[in-house]
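Undergrad: What follows is a single structure, and I will ask about it in a moment.
The values are calculated or read from the model by the stated rules, or taken from the named source; none is laboratory data. Here the structure is a predicted model, which means the values were calculated and not measured. The protein model used for the area step is the full one, side chains on, heavy atoms only, and it has no ligands, DNA or RNA in it. Shrake-Rupley method; radii C 1.70, N 1.55, O 1.52, S 1.80 Å.
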Amino acid sequence: MLALELAEKLRAAGYEPWIDQHGIGGATRWGKEIVQAINAAKLVAVLISSSSLLSDNVVKELNLSAQKKKHLLPIMLEETELTEEFAYHLTGLHRVNIDDTNSILDALERLDIRSSLSRQTIIHPTSSSKDIRLAVLPFDDLSPLHDNEWFADGMLDELITTLGALEHMKVPSRTDVMYYKKHHPKAQEIASDLNVRYLVGGSVRKAGDKIRINASLTDAFTNQQLWTNHYDGSFDDVFDLQERVSKEITGTLRLRLTPPEKQKIEARPTNNPDAYEYYLRGLESQRKLTKEGYEQAVTLFEKAIEVDPTYVDAYLSIANVSGAYYRQCSRAPKWLGVADKNLEKAESLSGTTGKTLWIRGELAWLRDELEEAESLLIQATRLNPYHAQTFDILGHIYFQQHKFENAATAFEEFLQLNNDPIAYNNLLLSISRIPDPARLLVTAKRAMKEIQKHLNRQPDAPILKLFYAYSLFWAEQNEDARVVAEELLNHPEIDANVLYNLGSLYDDLGDSAMYIELTRRSIDKGFRGIDGLRGQKFNDPELQKQISELTHFLERKIEEETNND
């Protein structure tokens, strides 16, 4: 992980590092790709730890780098005495610590390699080779009528959740992989993009009650298919089939599972396949992120509970959707009441878990009980440190409390678990309030790179354009930010929230009149984020009068809608 973080910092500083991110374990072939990388490099950064000193492959890379007369930069992951092989090549070279980014960049500047550098090789220590980096790609729906996307997506979610919960398995989130549902580049391109070595893919087919699941595991580094299988049965067998897929993947990768990890793989969310189908269909509706989608999701989750009154995840999903409905569609208190009722039922069945604490914390946040929400979410992270949304809400709470360093840390944790390009804006906003100009600039450049990658996939996505413009602003490229903002102004698919945030960008760029105009337009489209308006203050009396009138108008509108709900 430290090697990957260093690589990102170097990219933000204008370098193009190549990193042996596949791990140097017994299953890794020390092959031509590494040799080619060393040949192309002007500098080899040697990450030194007690583990890397014992790695035969690291020694091979070091020897080859010295033979090719490459610049060597020793970077210490931990204090340790060098072995003879390392000491021979590194004697007399200045060593820097992994967390001393400025010294690393200074060393690169002194070597004057930026302009001529095509690749830098960072040698990955064996201490990280315990972690298997694997991506689960969206499953295809091969059903006769192609009407079972909910089943295909359910298979994806099940494998991401199950495999991602294993200690030594690093699995990108659903957000990271959904692009590949409609796009199918080569395996090595996908692996490079997602920073993984292994890819799981497959398809599902459902005809009546009969189902077939096809699954495969590919080593993108060697471009070899390690395992493939198909499973036939009825939908009543779905949990057994999903368990077999997970176990065969971990078995093929020779991952030793602890007893608790085996229990996670074997766990059943419900014993009723009909309830499971309603639940998956509910998730499909929930992901539409619309008023109608949320309402349909609640109906389907309720049907799941009718079939299985002990279905904990269905209760939790109703609580989660009700909170989202309150936040985005209606400020009627009854929705928080619905959430509370279902959350209490879930806790009566499962006890307190990371998931129940996360939802309870979110509900406290929606009630503006910030200290209670903070306490609940911190407890949630201790029980489940791999749940990204917990850190996201925690970051927003810290920001509201003006604990900006804590907010930045929480948003960084979120991005480690879910590299959602939209989250970079929350991180940048937090850093801007610390303040730390150098850190803000480096992070803004990192955000630009990540968001641009997603824009290359979805060039017309309004929200990606918005936050790309914001990253330009934080990178002090105001004119470029304004150009992107103007392109977005008349986008046919711009929604209320994007419109309001675009207005905020114009305000940051010095055009407060445009902020008021776009806020007015966003309210007409359904924006109800009253808290943002209440915090606005302008030196111009006329602008202050307009924002006060707009705030009172929105308050009355919310009150009317609440009374009618």
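Undergrad: Just from its helices, what would the mean residue ellipticity at 222 nm be for the chain, if runs of 4 or more DSSP H residues each count -39500 (n - 2.57) and the sum is divided by every residue, rounded to the nearest 500 deg cm²/dmol?
TA: When only DSSP H runs of four or more count, the value is -18500 deg cm²/dmol.
Undergrad: Let me ask another. So for the chain: antiparallel DSSP bridges make up what percent, rounded to the nearest 5?
TA: So the antiparallel bridges amount to about 45 percent of the total.
Undergrad: Expressed as a whole percent, how much of the Cα-Cα distance distribution for region 32-80 exceeds 17 Å?
TA: I get 32 percent for the Cα pairs in region 32-80 exceeding 17 Å.
Undergrad: In whole Å, what are the Cα extents of region 302-357 along the three principal axes, biggest one first?
TA: 29, 24, 13
Undergrad: Regarding region 445-565, what are the three Cα extents along the principal axes, ordered largest first, in Å?
TA: For region 445-565, the Cα extents along the three principal axes come out at 44, 36, 23 Å.
Undergrad: Give the span of region 223-299's Cα atoms along each principal axis, as three whole-Å numbers ordered largest to smallest.
TA: Result, largest extent first: 45, 33, 27 Å.
Undergrad: Hey, any idea what Rg/Rh is for region 381-446, computing Rh the Kirkwood way over Cα pairs?
TA: Working: Rg = 11.2 Å, Rh = 11.6 Å.
Looking at region 381-446, the ratio lands at 0.96.
Undergrad: What do you get for Rg/Rh over the chain if you use C-alpha atoms and the Kirkwood form of Rh?
TA: 0.98
Undergrad: Let me ask another. Would you check the accessible area of Val312, probe 1.4 Å, heavy atoms only, in square angstrom rounded to 10?
TA: The value for Val312 is about 30 Å².
Undergrad: Just list whichever of Lys181/Lys355; Lys170/Lys303; Lys264/Lys288; Lys170/Lys247 have alpha carbons separated by over 23 Å in the model shown. All intermediate terms of the calculation are to be shown ahead of the outcome.
TA: Values: Lys181/Lys355 28 Å; Lys170/Lys303 34 Å; Lys264/Lys288 29 Å; Lys170/Lys247 16 Å.
Cα-Cα > 23 Å for Lys181/Lys355; Lys170/Lys303; Lys264/Lys288; rest within.
Undergrad: For region 494-565, what is Rg from Cα atoms divided by 2.2 N^0.38 Å, rounded to two decimals? Walk me through the numbers before you get to the answer.
TA: Values: Rg = 12.0 Å, N = 72, 2.2 N^0.38 = 11.2 Å.
In units of the 2.2 N^0.38 Å rule of thumb, it is 1.07.
Undergrad: Going by accessible area, probe 1.4 Å, with all protein chains left in place, what is the ranking of His184, His387, His168, His71, largest first?
TA: Largest accessible area first, the residues go His184, His71, His168, His387.
Undergrad: On a straight-distance basis, which aspartates and glutamates could pair with Lys69 in a cross-link, Cα separation under 18 angstrom, same-chain partners fewer than 8 positions away excluded?
TA: Within reach: Glu61, Glu85, Asp112.
Undergrad: For Ser317, what accessible area in Å² do you get when you roll a 1.4 Å probe over the heavy atoms of the protein chains, rounding to the nearest 10?
TA: 10 Å²
Undergrad: Sticking with this structure for a sec: What per residue convex hull volume, in Å³, comes out for region 345-457 when only alpha-carbon positions are used?
TA: 104 Å³
Undergrad: Hey, what D do you get for region 279-393 in µm²/s if you plug the Kirkwood alpha-carbon radius into Stokes-Einstein at 10 °C and 1.306 mPa s?
TA: Taking Rh from Cα pairs, D becomes 113 µm²/s.
Undergrad: Of all alpha-carbon pairs in region 204-349, indicate the percentage at a distance above 20 angstrom.
TA: Roughly 59 percent, rounded to a whole number.
Undergrad: Using only Cα atoms, what is the ratio of the radius of gyration of region 252-295 to 2.2 N^0.38 Å?
TA: In units of the globular-protein estimate, region 252-295 measures up at 1.73.
Undergrad: Still on this structure: Could you report the accessible area of Thr83 in Å², rounded to 10, computed with a 1.4 Å probe on the protein chains as they sit in the structure?
TA: Surface accessible to solvent at Thr83 totals approximately 40 Å².
Undergrad: Quick one: ranking Lys182, Lys334, Lys303 by accessible area, 1.4 Å probe, largest first, what do you get?
TA: Details: Lys182 170, Lys334 110, Lys303 85 Å².
Sorted descending by solvent-accessible area, the residues read Lys182, Lys334, Lys303.
Undergrad: Check cross-link reach from Lys557 to the lysines: straight Cα distance under 16 Å, and skip same-chain residues fewer than eight apart.
TA: Partners within reach: Lys525.
Undergrad: Quick check: Cα centre of region 134-169 to Cα centre of region 77-102, how many Å?
TA: 43 Å
Undergrad: Now, a different point. Explain nothing, just the number: relative contact order of region 392-492, from Cα pairs under 8 Å at least 6 residues apart, as a whole percent.
TA: Relative contact order, region 392-492: 20 percent.
Undergrad: Whenever you get a sec, line up Ile160, Ile431 from highest to lowest accessible area (probe 1.4 Å, protein heavy atoms).
TA: Descending accessible area places them as Ile160, Ile431.
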